[in-house]
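Report on one structure; see the data block that follows.
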Amino acid sequence: MPVVPNALERLILLRLNRAPGPVLDLVGGAAERAVGLALELDLFAALESGPTSLADLATRLDCAPEGLEPLCDFLVALGYLVREDGRYANTEMTAAWLLDADGVGPWLAFWNDVVFPFWEAQAVTAVREGAPRQTLYEWLDDHPDRWRLAHEGFRAAASVLAPTVVERLDVAGDARVLDVGGGHGLYAATIAERHPTVQVEVFDTEPAREVALETARERGVEARVSFVAGDYTTDSLGEGYDAALLFNVVHAHDGPESVALFERVREALAPDGRLYVLDQFDGTARTALSRATVGFVGLTYLVTLGQRAHDVSDVSTWLAEAGFEVQDRRSFLTAPGVSLVVATPAN
């Protein structure tokens, strides 16, 4: 977890500027790498059985004790582990967010193993030229063995918000829902869990199929969640759907591309259908954390996709150009900067 300076440290580092505040970012960067290393070693999983001595933990992980100890002690300082009487154990935060089935461990692993290495290779080019040499998705197509890690990471990130988002969707009865670019299938499976007679179709490229159907099986809704492989920019999306989802899709496209995609989705909807657009939008942040989060993802979209975090007003304009009327916009306390835009076909 982030290092939170105490009152004296905040005074010296941040208010009086008497010591280098950027050291907090240095420690934060090292913390991400340490957690990624621990996940790669399965360190946290090795401690699930309870407090363990350094010697026993080193044996389980096939590590030298003198190499493992500095890593464990750093994780103690960061709040991921505790050390008592010479034995290490996971903290409650680690158990809840890194080891739980709905935790973010796979999301952090994806960043550590794929996104940050890609960032290091492409960031200078993206900033100097406005786009990377190739997008992250193109890189994944060149390394298809990494697609599963990506979709598992996306699924882990979605698990934090999916139950709350699904509560706000107006679907019921025997509704048909189209999840465009739904990838891992968690939102589709969560909808099917909450609404026992709703049918959901995930439309995405072939590499997402395995994880999406696995997600549906794990949730026990495989009979009502289907998967169609295709390119949502060119292939038919079907027709007559009562609702369509575009979750974390729009940020990969510019304005004209988004308008074209909205038009394609409108054609797939029933006349009284609803479109739900979920993303991290610029212009919605109200707190320091949400502003930093949106800024971070905006830079990430540049480096990985050559795109930006779109302003929510721009997205509303694009929806209108595509024949939609925006009905509502909702935000979420547990996901800073994320908004859900609700739109219906214009009469």
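The sum of -39500 (n - 2.57) across all DSSP H runs of n ≥ 4, divided by the residue count of the chain, sets its helix-only mean residue ellipticity at 222 nm to -13500 deg cm²/dmol. Rounded to the nearest 10 degrees, what's the angle between the helix 116-129 long axis and the longest principal axis of the chain, both from Cα atoms, 0 to 90? Around 60 degrees separate the two axes. Peptide packing: for 41-52, 330-341, the average count of neighbouring Cβ atoms within 10 Å per residue gives the ranking 330-341, 41-52, highest mean first.
For the chain, calculate the relative contact order in percent as a whole number, restricting contacts to Cα pairs under 8 Å that are 6 or more residues apart. Show your work: numbers first, answer last.
Details: 574 pairs, mean separation 42.5, N = 347.
Result for the chain is 12 percent.
Diffusion coefficient (Stokes-Einstein, Kirkwood radius over C-alpha pairs, 4 °C, 1.567 mPa s) for the range 233-347: 90 µm²/s, rounded to a whole number.
The relative contact order of the range 179-285, computed from alpha carbon pairs under 8 Å that lie at least 6 residues apart in sequence, is 27 percent.
A cut-off under 13 angstrom between Cβ atoms defines the neighbours of PHE74, and their net charge, with Lys, Arg +1 and Asp, Glu -1, is -1.
Using Stokes-Einstein with the Kirkwood hydrodynamic radius over Cα pairs, what translational diffusion coefficient do you get for the range 14-133 at 20 °C and a viscosity of 1.002 mPa s, in µm²/s rounded to a whole number? Approximately 133 µm²/s, per Stokes-Einstein. Summing Lys and Arg as +1 and Asp and Glu as -1 over all other residues whose Cβ lies under 14 Å from the Cβ of VAL104 gives a net charge of -3. What shape does the range 161-207 take by its C-alpha gyration tensor, where a ≥ b ≥ c are the square roots of the eigenvalues and a/c under 1.5 counts as rounded, a/b above b/c as prolate, and the rest as oblate? Cα axes put the range 161-207 in the oblate bin. One quarter of the surface of the convex hull around the alpha-carbon atoms of the range 130-233 equals 7.4 nm², the direction-averaged projected area. Here the range 85-187 is described by how far its Cα atoms reach on the three principal axes: 56, 49, 25 Å, from widest to narrowest.
Around the Cα centre of the range 248-289, unit charges on the Cβ atoms of Lys, Arg, Asp and Glu (plus for the first two, minus for the last two) sum to a dipole of about 180 debye.
Counting only other residues whose beta carbon sits under 10 Å from that of VAL180, what net charge do I get with K and R as +1, D and E as -1? All intermediate terms of the calculation are to be shown ahead of the outcome.
Values: positive: ARG264; negative: ASP179, GLU201, ASP204.
Its environment carries a net charge of -2.
For the chain, the longest principal axis of the C-alpha atoms and the axis of helix 65-78 are separated by about 60°.
I'd like the orientation of helix 288-305 relative to the chain: the angle between its Cα long axis and the longest Cα principal axis, in ° from 0 to 90, rounded to 10. It is inclined by approximately 70 degrees.
For TRP119, the accessible surface of its heavy atoms amounts to roughly 50 Å² (probe 1.4 Å, protein chains only, rounded to the nearest 10).
Based on alpha-carbon centroids, what's the gap between the range 294-324 and the range 91-163 in Å, whole number please? Spelled out, the Cα-based centre of one part sits 19 Å from the other.
Please label the shape of the chain as rounded, prolate or oblate, based on the square roots a ≥ b ≥ c of the eigenvalues of the alpha-carbon gyration tensor (a/c under 1.5 means rounded; beyond that, a/b larger than b/c means prolate, else oblate). Prolate, because a/c is 1.5 or more and a/b exceeds b/c.
The values are calculated or read from the model by the stated rules, or taken from the named source; none is laboratory data. Since this is a predicted model, take the numbers as computed values, not measurements. Cβ: placed from backbone, ideal geometry, glycine included. Neighbour counts: every protein chain shown. Areas reflect the complete protein model, heavy atoms only, side chains present, ligands, DNA and RNA absent. Shrake-Rupley method; radii C 1.70, N 1.55, O 1.52, S 1.80 Å.
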